[in-house]
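Report on the structure given below.
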Amino acid sequence: MSIQTVSVIGAGQMGNGIAHVFALSGYDVLLNDISQDALNAAVAQIDRNLERQVSRDKISAEIKAAAMSRIRTTMKLADLGQTDLVIEAATERESVKQAIFEDLVPHLRPETILTSNTSSISITRLASRTDRPEKFMGFHFMNPVPVMQLVELIRGIATDEPTYKSLLAVVESLGKTAASAEDFPAFIVNRILMPMINEAVYTLYEGVGSVDSIDKAMKLGTNHPMGPLELADFIGLDTCLAIMNVLHDGLADTKYRPCPLLTKYVEAGWLGRKTGRGFYDYRGETPVPTR
């Protein structure tokens, strides 16, 4: 099917990035959240990010204005029913995602494609709670969405070929590259990345190195642009823990056991950049390691 209108559920870091790239690529975007403040903040963030692209001569002021004009917001899930493609980008909790899809389904047109931006949860299981498992896929963007080139496409057991091909064409229209993954816990990127971050936390927990030495070692020793603990703070420690729990529960292998120190930071509410503290303290002018 031809996809022209897109709705995005969740106006957080991922949701506003997804809305940004779709609007910039010519799609009409309807951004949904349960909070009007979150929607206002998301639109303001998209405006700032597009203005940064203008200042760097990536796009013109006219292209920015056209992209902003394509974005609308709503707090009502029912308003999303007439769009061609729905992208759920709510918090990484299966119960939340299932509730959203159950509330949304009665309002959808028969041909609307449903997707989730989940970074780890079973696509087959999410699809089974809808009326269209054949038109349901994992559509996993990387953070920050406007910068990162990869999109993981994950088919559930029932996903049909036309749905897959439609989303493959959408990824190409965004100027991004698709990697197809099977529906196993955490797919490709997080199946490899999160155990590395978890091992970095174990390395800290066991006193092998400090926050600073671990991140410095990986940046300079393996040419990573960001150290694993700095990256964990950027992603959100709650998200990292949630993905490790999905891996541990889904694959039943002790190598995926979340580090107790990661759990402790999440219990403390030290979730990284978004809360001001994680493995680094961001409340001053420059980040300072917390261990």
Of everything in the stretch 269-285 that's touching a strand residue (DSSP E or B) at 6+ places or on another chain (Cβ under 9 Å) and part of a loop (DSSP other than H, G, I, E, B), which residue is surrounded by the fewest Cβ atoms within 10 Å (Cβ to Cβ)?
Arg283
Check Thr118 against each of (1) outside any helix (DSSP H, G or I); (2) surrounded by fewer than 21 Cβ atoms within 10 Å (Cβ to Cβ) and name the one condition it does not meet.
(2)
Checked Ala90, Ala66, Ala23, Ala11 against criteria (assigned to a helix (DSSP H, G or I) and touching a residue at least 24 places away in the same chain (Cβ under 8 Å)); the one match is Ala23
Quick test of your reading of the structure: Ala186 fulfils all but one of (1) at positive phi; (2) surrounded by fewer than 23 Cβ atoms within 10 Å (Cβ to Cβ). Name the failing condition by number.
(2)
Please go through the stretch 221-237 and pick out each residue that is surrounded by fewer than 22 Cβ atoms within 10 Å (Cβ to Cβ) and in contact with a strand residue (DSSP E or B) (Cβ under 9 Å, 6 or more places away or on another chain).
Phe234
Consider Lys64 carefully, then state whether it is touching a strand residue (DSSP E or B) at 6+ places or on another chain (Cβ under 9 Å), modelled with pLDDT of 95 or more and basic (Lys, Arg).
no
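Quick grid of which residues meet (1) farther than 19 Å from Glu199 by Cβ; (2) polar (S, T, N, Q):
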| position | (1), (2) |
| --- | --- |
| Met218 | no, no |
| Thr222 | no, yes |
| Met244 | no, no |
| Tyr256 | no, no |
| Glu267 | yes, no |
| Arg273 | yes, no |
| Thr286 | yes, yes |
When the stretch 180-235 is checked residue by residue, the ones that are of a type in the set (D, E, K, R), more than 22 Å from Trp270 (Cα to Cα) and not in a helix (DSSP H, G or I) are Glu182, Asp183
What pairs can you find where one residue is in the stretch 37-56 and more than 15 Å from Pro144 (Cβ to Cβ) and modelled with pLDDT of 95 or more, the other is among the hydroxyl-bearing types (Ser, Thr, Tyr) and surrounded by 15 or more Cβ atoms within 10 Å (Cβ to Cβ), and their Cβ atoms are less than 9 Å apart, with a gap of 6+ or different chains?
Leu39/Thr73; Leu39/Thr74; Asn40/Thr73; Val43/Thr73
Counting just the residues of the stretch 65-101 that are farther than 27 Å from Lys274 by Cα and of a type in the set (D, E, K, R), which one comes out surrounded by the fewest Cβ atoms within 10 Å (Cβ to Cβ)?
Asp79
Yes/no for Ile3 being surrounded by fewer than 19 Cβ atoms within 10 Å (Cβ to Cβ), under 27 Å from Ile113 (Cβ atoms) and touching a strand residue (DSSP E or B) at 6+ places or on another chain (Cβ under 6 Å):
yes
If I ask for residues that are of a type outside the set (Asp, Glu) and farther than 16 Å from Gln45 by Cβ, which ones from the stretch 1-31 would you list?
Met1, Ser2, Ile3, Gln4, Thr5, Val6, Ser7, Ile9, Ser25, Gly26, Tyr27, Leu30
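Condition check ((1) among the hydrophobic types (A, V, I, L, M, F, W, C); (2) farther than 30 Å from Arg129 by Cα; (3) free of Cβ contacts under 8 Å to residues at least 12 places away in the same chain) across all residues:
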{"site": "Pro162", "(1), (2), (3)": "no, no, no"}
{"site": "Ala178", "(1), (2), (3)": "yes, no, no"}
{"site": "Ala186", "(1), (2), (3)": "yes, no, no"}
{"site": "Met194", "(1), (2), (3)": "yes, no, no"}
{"site": "Ala200", "(1), (2), (3)": "yes, yes, no"}
{"site": "Asp215", "(1), (2), (3)": "no, yes, no"}
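The values are calculated or read from the model by the stated rules, or taken from the named source; none is laboratory data. The shown structure was predicted, so the numbers you read here are calculated from the model rather than taken from an experiment. Here the Cβ is made from the backbone with ideal geometry for all residues, glycine too, and neighbour counts use every protein chain on show.
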